[in-house]
Amino acid sequence: MSVQENLNRIKGTLPSGVTLVAVSKTKPESLLLEAYHAGQRDFGENYVQELVGKAEALPKDIRWHFIGHLQSNKVKYIAPIVYLIHGVDSYKLLVEISKQALKHKTSIACLLQLHISGEETKFGFSYKECGECLDLLSAKPLPGIQVIGLMGMASNTPDDTVVRKEYRELSLFFREQQLKHSGIKILSCGMSNDYLIAVEEGSNLVRIGSSLFGERSYENG
Ligand SMILES: *Cc1c(COP(=O)(O)O)cnc(C)c1O
């Protein structure tokens, strides 16, 4: 199946109002262009150098989502390019993003990442920490930063009931925070294997890589 056929098939399963981010990490620019010519504009990358290189080479109306784990010392490279940073998992990182946004005279939209799976390897705030961070930002906003939602990754398990429970909890927390804080509108969850469950539970942004572009030949993210 071509990228265009995959894109149409996936879009056909998404309710209106759900944004599809095409996760293109490790994939060549030619494949991104296939998706672009089929109308796709939101692309997600995990590695700073790769995002910077692709952004230079590819059309300027692409909206680049940084979905990987971001180190503070690399924020400066993506600050002028990135459309949305999904994986913010500390207040310290928000402070650095704010600093770089001001330096580049821009404003950067961010999602706070929640650690929702039982797995130890995934990054993210606990629910309690995330709630405290949002309270702090509401009381004392950081200039150049807009926190517009939350992101999470469910456990990597074939057991759908576990995945559904994790996304349901995240979605409930998202709606609670929406009532407390203005501007919270994006819930980024769901990947190739579990996005239909995520959408049923309330996701409005899915990040899909392998079912769109094919399996990745190496995996280090
Ligand atoms: C790689 C990645 C995805 C896409 O995963 P697929 O299973 O290929 O759809 C989504 N989100 C994050 C954070 C990723 O690192």
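Here, each number is a calculation from the coordinates, and none is a lab measurement. Since we're looking at a predicted model, the values are computed, not measured. Every residue, glycine among them, receives a Cβ derived from its backbone with ideal geometry; neighbour counts consider all protein chains shown.
Can you order the peptides 54-65, 106-117 by their average number of other Cβ atoms within 10 Å per residue, highest first?
Details: 54-65: 15.3, 106-117: 21.5.
Ranking the peptides 54-65, 106-117 by packing returns 106-117, 54-65.
Counting other C-beta atoms within 10 Å, and keeping those with at most 13, which DSSP coil trypsin sites (Lys or Arg not before Pro) do you find in the stretch 104-201? Write out the running numbers ahead of the final one.
On the way: sites: 105, 122, 128, 164, 165, 168, 175, 180, 185; in loops: 105, 122, 185.
Filter output for the stretch 104-201: 105, 185.
Could I have the simple spin-label model distance between residue 176 and residue 69, label points 7 Å from Cα toward Cβ, reported in nm to one decimal?
2.7 nm
With r as the distance between the Cβ atoms of residue 168 and residue 120 and R0 = 22 Å, compute the FRET efficiency 1/(1 + (r/R0)^6) and round to 0.05.
Working: r = 22 Å, r/R0 = 0.99.
Rounded to the nearest 0.05, the efficiency is 0.50.
Round to a whole angstrom and tell me the spacing of the C-alpha centers of the stretch 135-182 and the stretch 1-61.
Cα centroid to Cα centroid, the span is 24 Å.
Kindly provide the helix-only [θ] at 222 nm of the chain, computed as the sum of -39,500 (n - 2.57) over DSSP H runs of four or more divided by all residues, to the nearest 500 deg cm²/dmol? The partial results should precede the final answer.
Numbers: 9 runs with 90 residues, N = 221.
Mean residue ellipticity, 222 nm, calculated: -12000 deg cm²/dmol.
Take residue 31 and residue 157, extend 7 Å from each Cα along the Cα→Cβ direction, and tell me the distance between the two endpoints in nm.
2.9 nm
Quick check on packing: order 24-35, 139-150, 187-198 by the mean number of other C-beta atoms within 10 Å, highest mean leading.
Details: 24-35: 17.7, 139-150: 16.1, 187-198: 22.9.
The packing order, highest mean first, is 187-198, 24-35, 139-150.
Would you mind getting me the FRET efficiency between residue 11 and residue 140? Use the beta-carbon distance for r and R0 = 45 Å, nearest 0.05. Kindly include the intermediate steps, with their values, before the conclusion.
Numbers: r = 40 Å, r/R0 = 0.90.
FRET efficiency, residue 11 to residue 140: 0.65.
Between rounded, prolate and oblate, where does the stretch 24-71 land on the alpha carbon gyration tensor, with a ≥ b ≥ c its root eigenvalues, rounded for a/c under 1.5, else prolate if a/b exceeds b/c? Let's see the in-between values first.
On the way: a/c = 1.82, a/b = 1.72, b/c = 1.06.
Prolate.
Under a crude label model (7 Å from the Cα following the beta-carbon direction), how far is residue 210 from residue 61 in nanometres?
Modelled inter-label distance: 3.3 nm.
Rg (Å, one decimal) plus Dmax (Å, integer) for the alpha carbons of the chain?
16.7, 50
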